[in-house]
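Novice: The following block contains the structure, expressed as structure tokens.
Every number here is computed from the coordinates shown, using simple stated rules; none is lab data. Here the structure is a predicted model, which means the values were calculated and not measured. Positions of Cβ are generated from backbone atoms using ideal geometry, with glycine treated the same way; all protein chains shown enter the neighbour counts.
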Amino acid sequence: MKDDAKLSLVFSNSSGRLWALVQRAIRQAGFRIEDDGIRLLDKGQRSVEGLASGFENVVTMDLILTMRKCPDETRECPDETRVLQEIESAEAAAAGCSDEWAAMVWVTGTDSATRPAEDLADLAGDGAPVHVCIYRVPAGEQRSDKPRGEVIFRDLLPAGRWAAIKRQVQAAGPVQACSTPASRFALLTPDEIYVELDGCRRILAPASPRGDDTSSDTLRQAPAALPALLSKP
């Protein structure tokens, strides 16, 4: 690449954690985003591609980032990051879950009677660092097409807790017929496992890849002990 050349990158994602990774990767590659090098591209339609939070009406625009190579290619560019607007809190970016999140168990569970049973995917190892985020669903959001939860707690699970939770998820049985919405739910990352802490108390977890290499999620009934493991400090 010529010294005076420019490079443009189109970015489309609502995750603060991924945005932070992109900025760090740009610096480590020896590039610097120009002061006037951030533009918005209106796609004119709603999109869920790359959207972690579950809300289609969030990402409707792309960021176009224009950058140049730093003068000294032997080291990273100086960190001149300026906060234009906080899309997600620093806590949300660190934990890997947004300040607001859709109650995806409810969304998926509305057609649970027609969903085929699928095997559970391999989950993170017992000693892996796993974050838990607890969301409260306001009464007015419950029973909506995509209930919006508001985060009330997030933290790294204590040592040994993930192993106990993992065993409970693996022991979960077939989902039972239920129509009671949850007022609270938990999200475990990075595997992205959802657990209703009250109401129907169901689990939504990654399913094993199918024969055609596609994958989906599996809906299961949470064991009685699981909500308590997620709720205690």
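Novice: Net charge within 11 Å of ILE203 by Cβ-Cβ distance, Lys/Arg positive one each and Asp/Glu negative one each, not counting ILE203 itself? Don't skip to the end; give the middle numbers.
Specialist: Numbers: positive: ARG201, ARG202, ARG220; negative: GLU196, ASP217.
Result for the local shell: +1.
Novice: So if each residue of separation counts as 0.36 nm, and I subtract the Cα-Cα distance between THR180 and ASP36, what length gain in nm does that give?
Specialist: On the way: separation 144, 0.36 × 144 = 51.84 nm, distance 5.05 nm.
The THR180-ASP36 span can extend by a further 46.8 nm.
Novice: Report the calculated FRET efficiency for ALA228 and ALA25 (r = Cβ-Cβ distance, R0 = 35 Å), to the nearest 0.05. Each step should come with its number before you reach the end.
Specialist: On the way: r = 40 Å, r/R0 = 1.14.
The computed FRET efficiency comes out at 0.30.
Novice: Okay, moving on. List the residues whose amide H sits under 5 Å from the amide H of ARG202, counting only those 5 or more places along or on another chain, with H placed 1.01 Å from N in the peptide plane.
Specialist: Placed amide hydrogens put GLU196, ALA222 under 5 Å from ARG202.
Novice: Any chance you could run the full-extension gain for ARG136 through ARG161? It's 0.36 nm times the residue separation minus the Cα-Cα distance, nm to one decimal. Don't skip to the answer; put the middle values down first.
Specialist: Working: separation 25, 0.36 × 25 = 9.00 nm, distance 2.18 nm.
The ARG136-ARG161 span can extend by a further 6.8 nm.
Novice: Let me ask you something else. How high is the relative contact order of the range 147-211, in percent, counting Cα pairs under 8 Å that sit 6 or more residues apart? Walk me through the numbers before you get to the answer.
Specialist: Values: 52 pairs, mean separation 13.9, N = 65.
Rounded, it is 21 percent for the range 147-211.
Novice: Also, I was wondering about something else. For the range 106-233, count all C-alpha to C-alpha pairs, find those more than 20 Å apart, and express that count as a whole percent of the total. Please list the in-between numbers first.
Specialist: Details: 3404 of 8128 pairs.
Percent of Cα pairs beyond 20 Å in the range 106-233: 42.
Novice: If packing is taken as the average number of other Cβ atoms within 10 Å across a peptide's residues, how do 151-163, 219-231, 180-192 rank, most packed first?
Specialist: Numbers: 151-163: 14.8, 219-231: 17.8, 180-192: 20.9.
Highest to lowest by the protection proxy: 180-192, 219-231, 151-163.
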